[in-house]
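The values are calculated or read from the model by the stated rules, or taken from the named source; none is laboratory data. Values in this document were obtained by computation on a predicted structure and should not be read as measured data. Here the Cβ positions follow ideal geometry from the backbone for every residue, glycine too, while neighbour counts run over all protein chains shown.
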Amino acid sequence: MNDLNKKIALVLEIQELSIRITNSSDVDVFCSYSGHTNGLSISVMLEGWKSEDPTTDYSKIIYLDRASVKTLQEIIEYLRIIEKEVNYEINSI
């Protein structure tokens, strides 16, 4: 698999994790791709988005033409940790 295809697969995994986490918990994960800059923006609000306090707990903007596969994998690892914590909380109730 070439580098671009690898990055695309990792971006799709980031998007999937973002959707899973947001839909199964109070955590809000924002993930957006901007084609004109080839940029990916990820923001995580562990307590959910609040208009009165839109504090971001994690934020990363990367440009896919410059970012390494390792950088994308690090984002995935962070999101997997959040997903595990969310699943643990759900299963502990």
When region 36-77 is examined, which residues are found to be over 16 Å from residue 18 (Cα atoms), hydrophobic (A, V, I, L, M, F, W, C) and assigned to a loop (DSSP other than H, G, I, E, B)? 64, 67
Cβ-Cβ under 9 Å, sequence separation 6+ or interchain: first residue in region 71-90 and within 11 Å of residue 10 (Cα to Cα) and of a type in the set (S, T, N, Q), partner at pLDDT 95 or above and surrounded by 12 or more Cβ atoms within 10 Å (Cβ to Cβ). Which pairs? 71/60; 71/62; 73/10
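Out of everything in region 18-35 that is in a loop (DSSP other than H, G, I, E, B) and touching a helix residue (DSSP H, G or I) at 6+ places or on another chain (Cβ under 9 Å), what residue ends up being surrounded by the fewest Cβ atoms within 10 Å (Cβ to Cβ)? Full working, then the answer.
Applying the first criterion (in a loop (DSSP other than H, G, I, E, B)) to region 18-35 yields 25-27, 35.
Cutting the leftovers down to touching a helix residue (DSSP H, G or I) at 6+ places or on another chain (Cβ under 9 Å) gives us 25-27.
Numbers: 25: 18, 26: 13, 27: 21.
The extreme case among them is 26.
If I ask for residues that are farther than 20 Å from residue 87 by Cβ and touching a Phe, Trp or Tyr at 6+ places or on another chain (Cβ under 6 Å), which ones from region 28-51 would you list? Write out each step before concluding.
Kept after step one, since they are farther than 20 Å from residue 87 by Cβ, are these residues of region 28-51: 30, 32-41, 43, 49-51.
Answer for region 28-51, where residues must be farther than 20 Å from residue 87 by Cβ and touching a Phe, Trp or Tyr at 6+ places or on another chain (Cβ under 6 Å): 38, 39, 40, 43.
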Exception for residue 49 within (1) of a type in the set (A, V, I, L, M, F, W, C); (2) touching a residue at least 40 places away in the same chain (Cβ under 8 Å); (3) touching an Asp or Glu at 6+ places or on another chain (Cβ under 7 Å) falls at (2)
